[in-house]
Every structure is written in structure tokens, then in C-alpha cells.
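The values are calculated or read from the model by the stated rules, or taken from the named source; none is laboratory data. As the structure is a prediction and not an experimental result, all values here were calculated from the model. Heads up, the Cβs are rebuilt from the backbone with ideal geometry, glycines too, and the neighbour counts pull from every protein chain shown. SASA here: full protein model, heavy atoms, side chains in, ligands and nucleic acids out. Shrake-Rupley method; radii C 1.70, N 1.55, O 1.52, S 1.80 Å.
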Amino acid sequence: MDWGNVTAEDLIGALKEVDWTSPPRPANEFFSKFAIPRSYSKWSSRLKCNLYYYRTNYFILILLVLGVACILRPLAILATALSALSIAFLNDSFAATFSERVTRTVRKFSPHLAAKMRPPHMPVLRGRPSAKKSVYIFGRPRLLFVLLFSAGN
């Protein structure tokens with residue numbers, strides 16, 4: 001495989017097809033001496049190759065770092081998750097899909113509460129229907145949730 005011509009989409013597609021049950025590479029091989037590549041193309045190629053070859057090692061390393069961070073600073077992990085969620089809510093399709101899926105789940109347990117979570121049919125500004133489509137999360141304006149989650153940090 002010519003790693004110099006592999007795009008990020010190719011790498012993501014390949015990683016989805018990878019057997020993640022393979023055992024990790026030996027630690028002495030994973031942490032061996034690293035020589036910095038001289039050019040960007042060699043740097044990019046080596047990064048892609050290492051991510052693929054040591055995928056299980058990197059996955060374990062990320063889990064260990066997150067586990068230690070959760071033990072030492074559990075509120076920092078929560079703050080990071082809330083920040084990521086508030087940024088994700090700025091994306092129209094994510095906000096609409098998130099709201100719809102949560103409302104469907106709530107509808108199974110409490111149809112009355114789910115009815116309150118529906119967005120209004122047509123937003124009204126100054127007594128007239130708005131031409132601009134507003135995004136609602138749980139029947140409330142999106143900005144409310146973005147500010148709420150951002151302020152929680």
C-alpha cells in the first residue's frame with residue numbers, strides 16, 4: 001500500500017474494517033527510539049502507518065489516560081463533555097437529530113412529557129411568521145442549551 005497517497009477518508013474507512021481484537025504490539029517496540037522525519041510527506045506517511053500498525057496500543061493508551069483523568073479530575077471530564085456537546089449543538093443537523101432521538105426515547109416512557117418537548121410549528125417574530133428556520137432542542141431554542149452547557153464550564 002502506498003501510504004503517501006492515502007487520504008483521511010481512506011484511513012477512516014480502513015479503520016472501520018479493521019479487526020480490533022488483534023493483540024497489542026510489544027511495549028518495547030511501541031516505545032522504541034523515534035527518529036523525526038525530515039519532510040512533511042514522510043511525516044504524514046509515518047503517522048498514518050503508525051496509527052494503523054499500533055492501533056490497539058494507541059487505543060489502550062487513550063483509555064488509560066482517560067481513566068487516570070477521570071480518577072484525578074472527574075469534573076474536568078464532565079466539563080469537557082459539556083463543552084463538546086455545546087459546540088456540537090451549533091451544528092443544525094446534529095441538534096435536530098439529537099433532539100428527535102431523545103424525544104422518541106422519552107415518548108416510550110412518558111408521552112405527555114414528549115409532547116412538551118416538541119418544537120413549535122412555526123416561529124413567530126413581531127407577530128409574523130419567521131422566514132428563518134429556527135432550530136429547537138427539546139422544544140426550546142438551541143441558543144438556550146448552548147449557553148447553558150457553556151456556562152456550566
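A few comments on the model shown:
- Flag if LYS133 is exposed (fewer than 11 other Cβ atoms within 10 Å of the Cβ), more than 21 Å from LEU78 (Cα to Cα) and modelled with pLDDT under 80: yes
- Residue match in segment 48-59 (condition: of a type in the set (D, E, K, R) and part of a helix (DSSP H, G or I)): yes
- Filtered by the rule that a residue be charged (D, E, K, R) and either exposed (fewer than 14 other Cβ atoms within 10 Å of the Cβ) or free of Cβ contacts under 8 Å to residues at least 12 places away in the same chain (or both), segment 47-88 gives a lone residue, ARG73.
- Qualifying residue in segment 93-100 (condition: assigned to a helix (DSSP H, G or I), touching a residue at least 24 places away in the same chain (Cβ under 8 Å) and open to solvent by 60 Å² or more (accessible area, probe 1.4 Å)): yes
- Scanning segment 5-38 for residues that are part of a helix (DSSP H, G or I) and among the small types (Gly, Ala, Ser), we see that the one that is modelled with the highest pLDDT is ALA27.
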